[in-house]
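Read-outs throughout are calculated quantities, based only on the coordinates presented, and are distinct from any laboratory measurement. Please read all numbers here as calculations on a predicted model, not as lab measurements. Cβ sites come from the backbone with ideal geometry, for glycine too, and all protein chains shown count toward neighbours.
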């Protein structure tokens, strides 16, 4: 006989809740004929295979750990402890440093297979640090100090640090859920011989080819600003973000400012379905008429414009204007199928197609997903 | 107070069942005196230390993940999602591509410490792909298309693919459980500069020495045929398999066909015990009189003939005639001890013993196992 | 509805209990100005992020697996099966080889962030092997044979082995819990070209700099002797250990004997609190007045003297006299904060500070910990 237990409650009240996800991708990336790259064309991969464990510890404490095996090796994502006191929550360990709405929304719930181009391009990733969040009703502010990702911290000569802050106002006005926010990020590389690099794949992760790529260049600091807005009204949603990355360079070198931004909107074709919003993030879509109850599940179409400019000062990483459409079928609460097409218009690119520095790339992607 | 819960049932009906295994091996491999290899002699290792998680997702879906740490690092085995509709089951992600009865039988339940020589020699391993299985009563057919193992897929230039199909007929005739089946496998390496290699250890995994070894040679495709038969009648079981591996080579090079086959039979010395067969595979032996209920557990003796021929065309990988005997003690449902002796007669070998290309090798192995 | 289940009991009585820990450290190591090492100064890290699984298997068997991700990769700690028969317990797989009281006490429960210097310096780590323990009332003896750590065993040419034995007498005299013990360890490196190396960090793990370091030197065997004593009386505890490491070297080379020892004592400032002792090891402190029940938790101060001499024969690894004080706050059963200061006096060191081979180093460390 099976009991209904959503979590294991150990002796003395400590709980243990496992969770995980599995995403299998396939895709085609079609570049200009002049670029001969065997990494283009058809490819497929396990995009994410993750297991995690989280729980409560009496006294207001908690923990969360999550690892991914999709690289054929182990990558550690979240690894933090938590303390909640009233409306404030404190986190210590590896966690996200408040980069923006889409980055903080789980990859299980995004509208496209990959997040907007600037999120990877500007190196958003979890870092080890200490943060605090204060949330009251429809307003939230969060901030923290971080060092670096656990992988990079293995080198004990790594003395980089960052300070990050973000605020969100998310009122419910009538039937509409609104979300506006902004964030600011400062990072010191803090080492004698620092370089950085910004680059991005062509909207799909199945290829490792990056047309957009600044290459390594010397840098000492980053100052980033993000703005974000979103709205959910019934079947419709909108989400828009912008991010400026200002890079401090040594001595006489000119400091570039790179920019990325995206805007998406989506519509559920199935009645009663809507994009769920919880805890200042997008959350799980639960179909009104799921497949296992005789329904069709939820079907959603999305459009996105995704801009990224990695050209400034004497750095040339390319300019992207990408247009994408996706179809997302959510048969049940824990399953999802995605199909998407993207058209990237590239200008002033560092990789030439023959003698041309502007050209177009197309991609088609598919994803199957389960989570638990 | 402890409830009896075989699995965690999370909110909304998703279940979570952990499982694992631990196998600790020791062995001696004794080669000819003329071969001076410090990897021979006594050795021991943790053969497998695995943890996995599987569960059901409402609507007929499921998931399974399993990882192994025995290499001192992480290796991903199963990582797939599943959908069952009536008598059909679909799998997407990394899973086995229907290689044959012994390969598909869990390593917890095989009659010898290692499977027949051809299974490793011909590179059987899980691959990422999509498959379907249709099973009705005592007949089953399964097929799928696969790319490559997750590790190999890390290189996005990897465009290899395979198509695999298998069928099994497993009638129960009187008291006898029969099993006959066949499979066919086609793989394109699909890269400009492809090589492959077939090799195998001397019946034990504790050594990394492979006497049987074709070395790398250029190849473009593989076409494999497998035949399999098995029977369980009371205390007695028989299992036999053969596999032909035809290798396509570029241009004017001759295409070799390699061959492996094995036949084993076993007998339980303890009354009431039998080899269990379930889902077209061998399954867990549950002793009729387990140690924890005052019995002795189940004791089984097995004999095996294990042939492998890696010599064809201009490729010389050696010929193996191996004779093995094992004693398997299963004290309780979840514990197992194995002791085995193997004699390998090697002919036309690539590694010489002095000036001789034929010689014999002996090995003695032991394994202790628990699983859950 | 949540049931209170401390473990998952699978079908047929096999149990599954997950457990884990998370420790986040920060620290400053201040060396002499003449040593310019970017690994000194401020650093922080996730010291341990671990998940493990253990359980019982009917018939007196059990299993335990534990992995750590803090290195950014996977490291396997415990991986063993167990069999209990009356007062005897047998373990097979990777486990600790009875090095001494502090090494065997969980890192969750030590009085300082790092164990005494000799424990890492002499290479204490889990190894694959077979051991037996016999415990009766307040007396225990344990012994085993081991090969090497799983990582090192990947090389099948590794033929090293060790034999280890230890005994402890732990009577309760009135209110006082006493502990005295001794252990002996013999290891053959058993390879043609063996080298070893003994080294240690300056009391904190956040830096990878080791002032104490013999460098590699040729060696064929190790013979180690350990003595250990401890006492708990109400709020007060004492723990002292010594370890002699005698190293056999090839042929005419002189055999050095290195020595390490430490003595610590601690006092709880909060009434009703004491260091817990169970199973011949220190165990979890459970505050008499935990934070989540309106109390302050348990507050403990500790002092330690930590000596290590890596200079003998013609080997010069340095001499350490370290003095440390720690403040340990245990708000609740499963949370812990540590603050400590150490002063290391180094003599006859292999790393010079300018022209000086003796100098002092200071460190300040902090740790936040949760476990489950």
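Descriptive notes on the structure:
- Position residue C:138: other-copy label points at 6.8, 6.9 nm, ordered by increasing distance, label point 7 Å along Cα→C-beta.
- Sorted ascending by nearby beta carbons within 10 Å, beginning with the fewest, A:265, A:81 become A:265, A:81.
- The calculated FRET efficiency for the pair residue B:246 and residue B:269, based on their C-beta separation and a Förster distance of 41 Å, comes to about 0.50.
- Considering only A:360, A:260, A:181, the Gaussian network model of chain A with Cα springs below 10 Å gives its largest mean-square fluctuation to A:360.
- The distance between label points at residue B:337 and residue A:151 comes to 4.6 nm (points 7 Å beyond Cα on the Cα→Cβ vector).
- Inter-copy spacing of residue C:223 label points, which lie 7 Å from Cα along Cα→Cβ, given in nm from shortest upward: 6.8, 6.8
- Remark: mean inter-chain Cβ contacts per residue of B:99-109 equal 0, using a 10 Å Cβ-Cβ cutoff to other protein chain atoms.
- Efficiency of FRET from Cβ geometry, residue C:42 and residue C:85, R₀ 56 Å, rounded to 0.05: 0.60
- The rotation axis taking chain B to chain A passes closest to the C-beta of one chain B residue; that residue and the distance in whole Å read B:74, 3.
- Region B:8-371: C-alpha gyration tensor shape, a/c 1.5 cut-off, then a/b vs b/c: oblate
- Peptides C:123-130, A:42-49 ranked from most to least packed give A:42-49, C:123-130, packing being the mean of other C-beta atoms within 10 angstrom over each peptide's residues.
- Peptide A:326-334 - average C-beta neighbours from other chains (10 Å radius): 3
- Inter-centroid distance (Cα atoms) of region B:166-191 relative to region C:308-345, Å: 63 Å
- Gaussian network model of chain B, springs between alpha carbon atoms under 10 Å - residue of B:155, B:291, B:74 with greatest fluctuation: B:155
- Nearest-first distances (nm) between copies at residue A:355, label 7 Å from Cα via Cβ: 6.9, 6.9
- Rounded is the label for the protein assembly as shown. Its Cα gyration tensor axes, ordered a ≥ b ≥ c, give a/c under 1.5.
- In terms of its C-alpha gyration tensor, region A:117-226 has an oblate overall shape, because the principal axis ratio a/c (a ≥ b ≥ c, square roots of the eigenvalues) is not below 1.5 and a/b does not outweigh b/c.
- FRET efficiency, 1/(1 + (r/R0)^6) with R0 45 Å, evaluated for residue A:283 and residue B:225 via beta carbons: 0.35
- Relative contact order (percent, whole number), region C:8-371, Cα cutoff 8 Å, 6+ residue spacing: 15 percent
- Residue by residue along B:78-89, Cβ atoms of other protein chains within 10 Å of the local Cβ number 2 on average.
- Over region B:85-173, relative contact order from alpha-carbon pairs under 8 Å, at least 6 apart, %: 30 percent
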